[in-house]
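Asker: Pasting a structure here, questions to come.
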Amino acid sequence: MSVLSNLNKCIENKGAGFIILIDPDKKNDEKIDQIVESANDNDVDAIFVGGSIMMDRFYHKRIERIKHISDIPVILFPGGVNQVNKYYDAMLFMSLMSGRNPHYLIGEQVIAAPIVNDFGLETIPTGYLLIDGGSPTTVEFISGTKPLPSNRPDIIISHALAAQFMGMQLLYLEAGSGAMNTVPVDVISKVSNETSLSLVVGGGIRTPKDALEIVNAGASFVVIGSAIEKSLDLIKDFSSAIHFK
Ligand code: 1GP
């Protein structure tokens, strides 16, 4: 069964899926094993691995290590084509649809496609919308794109519908790693009501209570990175909040 089908089963069986994000940069080296082991033990549904900037040359070795110790699917959440490798179970095949930079709308994807095909990696078509989270993000800087204003649900819904009509399987509503504000719950519920897409929501989610509100608003998957890096003990509580069924 595909990674995506398994993920979709979480929505039926547990209410929503809990995904942790690991930034495989050297600053996390000591923590990576602990995070993956805790994910194995606390019913995390998938591990996203990604980041906009890598500060050394050991990225691929870290992914090999993560895959080796993980009992759950390891999915590439790509910052660029240089992050594709054979260790992943699947990858989000994403387009940065909130932006108007052709390189991140289609350019990187065209460069990546033959390599992904050669590896035989499962691809999950994903529309990616960067939404203003109150502080500048690395994605914004690296991609040279502006986030969508969080107080304009009409603009966000239009992008979401375009993603749906283009056949995306997931829509990632992203406030940016470490964002001051999460994607507002009213935006999540409006997008959820107006589209049939499975919503992945991440960026700035700090507490299990926030995560539950986001699930109640209509998110199918919640992604947590920074909060877990700071306090591993939170994994258990996030897991029970997100798996509300
Ligand atoms: C970033 O949505 C993810 O792409 C996770 O964000 O690090 O703020 O949890 P945080």
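Asker: Within the stretch 1-109, which trypsin sites (Lys or Arg not before Pro) sit in a loop by DSSP and count at most 15 neighbouring Cβ atoms inside 10 Å? Don't skip to the answer; put the middle values down first.
Answerer: Working: sites: LYS9, LYS14, LYS26, LYS27, LYS31, ARG57, LYS61, ARG62, ARG65, LYS67, LYS86, ARG100; in loops: ARG57, LYS86, ARG100.
Passing both the DSSP loop test and the Cβ count: ARG57, LYS86, ARG100.
Asker: Determine which aspartates and glutamates satisfy two conditions relative to LYS67: a Cα distance under 12 Å, and not lying fewer than 8 residues away in the same chain.
Answerer: The qualifying aspartates and glutamates are ASP33, GLU37, ASP89.
Asker: Please turn the phi angles of the stretch 220-229 into ³J(HN,Hα) values with the Karplus equation 6.51 cos²θ - 1.76 cosθ + 1.60 (θ = phi - 60°), one per residue in order, whole Hz, x for glycine and proline.
Answerer: Per residue, the Karplus-derived 3J(HN,Hα) values read 8, 9, 10, 10, 10, x, 4, 4, 6, 4 Hz.
Asker: Still on this structure: First obtain the Kirkwood hydrodynamic radius of the stretch 121-191 from its Cα pairs, then insert it into the Stokes-Einstein equation at 10 °C and 1.306 mPa s, and state the resulting D in µm² per second as a whole number. The partial results should precede the final answer.
Answerer: Numbers: Rh = 12.6 Å.
Value of D from the Cα-based Kirkwood radius: 126 µm²/s.
Asker: Need the full-extension length gain, ILE53 to HIS103, defined as separation in residues times 0.36 nm minus the C-alpha distance. One decimal, nm. Could the numbers behind the result be given before it?
Answerer: Details: separation 50, 0.36 × 50 = 18.00 nm, distance 1.67 nm.
Taking 0.36 nm per residue and subtracting the Cα distance, the gain is 16.3 nm.
Asker: Next question, about the same structure. Work out how much length ASN151 to PHE119 would gain on full extension: take 0.36 nm times their residue separation and subtract the Cα-Cα distance, in nm to one decimal. Numbers along the way, then the final one.
Answerer: Working: separation 32, 0.36 × 32 = 11.52 nm, distance 4.10 nm.
Separation in residues times 0.36 nm, less the Cα-Cα distance, equals 7.4 nm.
Asker: Assigning unit charges at the beta carbon (Lys, Arg +1; Asp, Glu -1) and nothing else, what dipole magnitude in debye, to the nearest 20, does the stretch 161-245 show about its Cα centre?
Answerer: On the way: 6 positive and 8 negative charges, 24 e Å.
Rounded to the nearest 20 debye, it is 120 debye.
Asker: Mind checking which aspartates and glutamates have their C-alpha under 20 Å from LYS190, skipping anything on the same chain fewer than 8 residues away?
Answerer: Filter leaves ASP132, ASP154, GLU174, ASP210, GLU213.
Asker: By how many nm would the segment from ASN28 to THR207 grow when fully extended, if each residue of separation counts as 0.36 nm and the alpha-carbon distance is taken off?
Answerer: On the way: separation 179, 0.36 × 179 = 64.44 nm, distance 2.10 nm.
The ASN28-THR207 span can extend by a further 62.3 nm.
Asker: Residues of the stretch 151-167 with amide nitrogen under 13 Å from the 7 Å Cα-to-Cβ point of ASP186?
Answerer: Only 151-154 fall inside the zone, counting backbone N under 13 Å.
Asker: Specify the inter-centroid distance of the stretch 32-86 and the stretch 107-125, based on alpha-carbon positions, in whole Å.
Answerer: About 18 Å separates the Cα centre of the stretch 32-86 from the one of the stretch 107-125.
Asker: Suppose every Lys and Arg Cβ carries +1 and every Asp and Glu Cβ carries -1, with no other charges. What dipole size does the stretch 3-242 come out with about its Cα centre, to the nearest 20 debye?
Answerer: Values: 19 positive and 28 negative charges, 76 e Å.
So the dipole magnitude of the stretch 3-242 works out to roughly 360 debye.
Asker: What Kirkwood hydrodynamic radius, in Å, does the stretch 188-245 give when the mean of 1/r is taken over all pairs of distinct Cα atoms and then inverted? Spell out each step's value before the answer.
Answerer: Details: mean 1/r = 0.0860 Å⁻¹.
Value: 11.6 Å, from the Cα pair sum.
Asker: State, to one decimal in nm², a quarter of the convex hull surface area for the C-alpha atoms of the stretch 148-245, i.e. the direction-averaged projected area.
Answerer: On the way: hull surface 24.0 nm².
If you wrap the Cα atoms of the stretch 148-245 in a convex hull and average its projections, you get 6.0 nm².
Asker: Would you mind giving the three semi-axes, in whole Å and largest first, of the ellipsoid equivalent to the stretch 3-242 according to its Cα gyration tensor? Present the calculation step by step, with values, prior to reporting the outcome.
Answerer: Values: eigenvalues 113, 94, 60 Å².
So the equivalent ellipsoid measures 24, 22, 17 Å along its semi-axes.
Read-outs throughout are calculated quantities, based only on the coordinates presented, and are distinct from any laboratory measurement. This is a predicted model, so every value here is computed, not measured. Neighbour counts are summed over all protein chains in view; Cβ atoms, including those assigned to glycine, are modelled from backbone coordinates with ideal geometry.
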